[in-house]
1. Does B:Val12 satisfy the criteria of being buried (at least 19 other Cβ atoms within 10 Å of the Cβ) and either in contact with a helix residue (DSSP H, G or I) (Cβ under 7 Å, 6 or more places away or on another chain) or modelled with pLDDT under 90 (or both)?
2. Only one of (1) open to solvent by 50 Å² or more (accessible area, probe 1.4 Å); (2) assigned to a strand (DSSP E or B) is not met by B:Asp150, so which one is it?
3. Cβ-Cβ under 7 Å, sequence separation 6+ or interchain: first residue in segment B:88-105 and on the phi < 0 side of the Ramachandran plot, partner of a type in the set (Ser, Thr, Tyr). Which pairs?
4. Looking at B:Arg103, is it open to solvent by 40 Å² or more (accessible area, probe 1.4 Å) and assigned to a strand (DSSP E or B)?
5. Could you list all residues from segment A:59-88 that are small (Gly, Ala, Ser) and assigned to a loop (DSSP other than H, G, I, E, B)?
6. B:Gly66 - would you say it is outside any helix (DSSP H, G or I), of a type in the set (Gly, Ala, Ser) and open to solvent by 10 Å² or more (accessible area, probe 1.4 Å)?
Amino acid sequence: MSTGEPDDLPIDLAALMASVADPAHGGTAMLVHHCEADGNGGGNHDAAALDAAFADAATRFGARAAAAWSDAPPTGSITYAVAASAAHRAEAFAACRLVVAALSA
Amino acid sequence: MPHRRDGAHTRVGEAPACAREVRLWTGCLSPGSGRGYAGRIADDADIAWLTAHPLDALDVLGRVVGDGARSATAVFVGTVRADADVREVVVLDYEAYAGMAEREMAAICAEAAERFDAVCAMAHRTGAVPVGQPSVAAACAAPGDEAALDACEWMVDRVKERVPVWKLQRFADGGTEWSQGA
């Protein structure tokens, strides 16, 4: 799950949330983006930018984050998803926004 | 970056130094028909409810997914955490003024729907919730990522302010203490 390698399986939201769970974290925020009719949102993502966003989320918000995406999803299916957990809800939302920005840029 | 058409990728950030990995979530998302509140009269019990059973955040999420006009969905899950730095909590016992709590939760969904052009749903636990288990879940589908996250965060903030739910903290040392909110 941590490799970033394609696995030919649909994005598993339960597994994504599980990957950021921590007993010291009281909030988890997740954003799920579905492919629009014009195909907007698919394609490549910058792994370096994503890793930088994870590190930033950990440093600034004490958050743990994970992301999943599909290369060419059919309309209506999940294009990308981001989950972030932190001790408190504000930090979890902030971390989620930060990673979403990196993923959707 | 590995790339293969139609492939799904997952990337997980390093845990902060204090983090301990634990698996809490099971099940899969079952997209519903977008039954949440979107500025129309809906069955409140379908979009805002209390439950004494374990919360499934993806069930709450599934209630707002399915509207093609709203491509982004945000979900927030509040979890009972082990606040060991202060006094170790083992269980939170939630009590709610049931009728009023569900009405207020439905009203928050309605307000968020209007404010953010969103479809919204939420659920709150009652009874004993051990550390690591969800106590509240809120979900919003909106036309964009920011709107979905803004709507979801706005809803959770309003739950904390307005919904008549109280929690009895049960500590590892045997002590207890009441407080309000999720």
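The values are calculated or read from the model by the stated rules, or taken from the named source; none is laboratory data. What you see is a predicted model; the values in this text were computed from it and never measured. Please note: Cβ atoms are built from the backbone with ideal geometry, for glycine as well, and neighbour counts cover all protein chains shown. Side chains are part of the model used for accessible areas, which takes the heavy atoms of the whole protein and leaves out ligands, DNA and RNA. Shrake-Rupley method; radii C 1.70, N 1.55, O 1.52, S 1.80 Å.
1. yes
2. (2) is the only condition that B:Asp150 fails.
3. From segment B:88-105, the pairs are B:Leu92/B:Ser135; B:Tyr94/B:Thr126; B:Tyr94/B:Ser135; B:Glu95/B:Thr126; B:Ala96/B:Thr126.
4. no
5. Step one: list which residues in segment A:59-88 are small (Gly, Ala, Ser), which gives A:62-63, A:65-68, A:70, A:72, A:76-77, A:81, A:83-87.
Answer for segment A:59-88, where residues must be small (Gly, Ala, Ser) and assigned to a loop (DSSP other than H, G, I, E, B): A:Gly62, A:Ala63, A:Ala72, A:Gly76, A:Ser77, A:Ala87.
6. Yes: the conditions hold for B:Gly66.
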